[in-house]
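Comments concern the structure below.
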Amino acid sequence: MDAPTLGVLRDAALLAWLAILLGVIVYPVLRQLSPGGWGSRGRVQAGWATTADSLVVAAILVVMLGGLQGASVEGADVENKATTLSMSGALVGIVVQLGICTALLAYLRLMRGLQPAQLFGLREMGFLRALFMGLLLLLPMLIMVNGTAAGLHEWMKGFWPDLDGQDVAEAFRTSQDPAAKALLAVSAVLIAPLVEEIVFRGFIYAVIKRHTDGIYAAFCSSLLFAIVHLHVGTLIPLALLALFFCRVYERTGSLLLPMVLHGLFNGTSLAVMLFFPDLQP
C-alpha cells in the first residue's frame, strides 16, 4: 500500500473512531435535555443493543481496521498491482468474511438469545418484492454513486498517485482465468452483500444508533464501511452508497432490500468490467 493511501485511510479510521466515541459521550447528555427515545426512531429498532454489543462492534472493527496500523508502505507498482492477486487470496478473503459473519450470528443467537431473521426484519419482505424494488432503485443509486465517483476521479487525477479501481475490481478486469472471475463474481454478488449488510447495517449501525441516533449512526457506520474497502478513490462514493442502504433499511425495516441492492450494484459493476474491460474506473 502506498504512503498517501495508507495515511488517508488511517486518518479516516481515526476520525470514525473519534466520532463514535464522541457520540457515545454527547448523546446521553442530549437525551437528558431533550428526551424522546432517539435510538428507537425509524423502523430499525435498536433497543436490543447492549454495552456488550458495543464491545463486539469494537472487536469487529479491530479485526477489520487493525491491519492499517501495522500496514507497511510499498512502492506503488500500479501496472502489476492486480496481477499479484491470487485465487488463494480470494478464497482466504471469502473464508474470513464468512467467519466473521458466522461468529456474529452465533453470538446473537446463542449468547444474546436473539433471532437474527427477526432482528434484521428478513421476514418483513419477500425476495421477489425486494428484487422488484431493488431494480426500481438501481438506476438512481448507480447515478448517485458513479456520478460522484466520476467527479472525484476528475478532481483527483491531477494530484493523487493511484486512481485505479479497488484491487479486487482490477483483478477481475485483468484476469484471464474464468474460474478466478467466477469466484470473484460469487464473492461480490452473493457473499459480500450478505456479510457486509449483516455486519454493517444489521449490527454496527443498530448498535451505534442505540447510543446516538439514526442519522449519526448512518454517517459513522457508512464511513467505516467505506474505509474497510481500502481504496481512497472510492471512499466518498462507497460512503454515499452505504448511506443509501441505511436509508432503505430504515424505510422498509428489512435488511433484505439493502442486501439485494448491494448485490445488484456489485453485479452491475462486474458486468461493466466484463463487457467493457477497457473502460476507466
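Observations on the structure shown:
- From G42, G93, residue being touching a helix residue (DSSP H, G or I) at 6+ places or on another chain (Cβ under 8 Å), at pLDDT below 90, closer than 25 Å to F245 by Cα and part of a loop (DSSP other than H, G, I, E, B): G42
- Contacts under 8 angstrom Cβ, first residue in the range 225-238 being part of a helix (DSSP H, G or I), partner buried (at least 20 other Cβ atoms within 10 Å of the Cβ) and among the charged types (D, E, K, R), 6 or more apart: F225/E196
- Selection status of A218, farther than 25 Å from I94 by Cα and under 12 Å from the mean Cα position of the chain (by Cα): yes
- Some residue of the range 191-207 being farther than 14 Å from A16 by Cβ, in contact with a Gly (Cβ under 8 Å, 6 or more places away or on another chain) and in a loop (DSSP other than H, G, I, E, B): no
- Of the numbered criteria (1) aliphatic (A, V, I, L, M); (2) surrounded by fewer than 22 Cβ atoms within 10 Å (Cβ to Cβ); (3) more than 13 Å from the chain's Cα centre (by Cα); (4) at pLDDT 95 or above, the one V207 fails is (2).
- Number of the exception - S221 against (1) touching a Gly at 6+ places or on another chain (Cβ under 8 Å); (2) of a type outside the set (F, W, Y); (3) at pLDDT 95 or above: (1)
- Scanning the range 108-162 for residues that are without any contact (Cβ under 8 Å) to a residue 24 or more places away in the chain, within 23 Å of L240 (Cβ to Cβ) and not in a helix (DSSP H, G or I) yields a total of 3.
- Given (1) modelled with pLDDT under 60; (2) of a type in the set (D, E, K, R); (3) under 23 Å from the mean Cα position of the chain (by Cα), number of the condition D77 does not satisfy: (3)
- Any chance R123 is farther than 18 Å from L190 by Cα, of a type in the set (K, R) and in contact with a Gly (Cβ under 9 Å, 6 or more places away or on another chain): no
- Yes/no for F219 being aromatic (F, W, Y) and closer than 28 Å to A182 by Cα: no
The values are calculated or read from the model by the stated rules, or taken from the named source; none is laboratory data. If you're wondering where the values come from, they're calculated on a predicted model, not measured in any experiment. All Cβ positions, glycine included, derive from the backbone under ideal geometry; neighbour counts span all protein chains shown.
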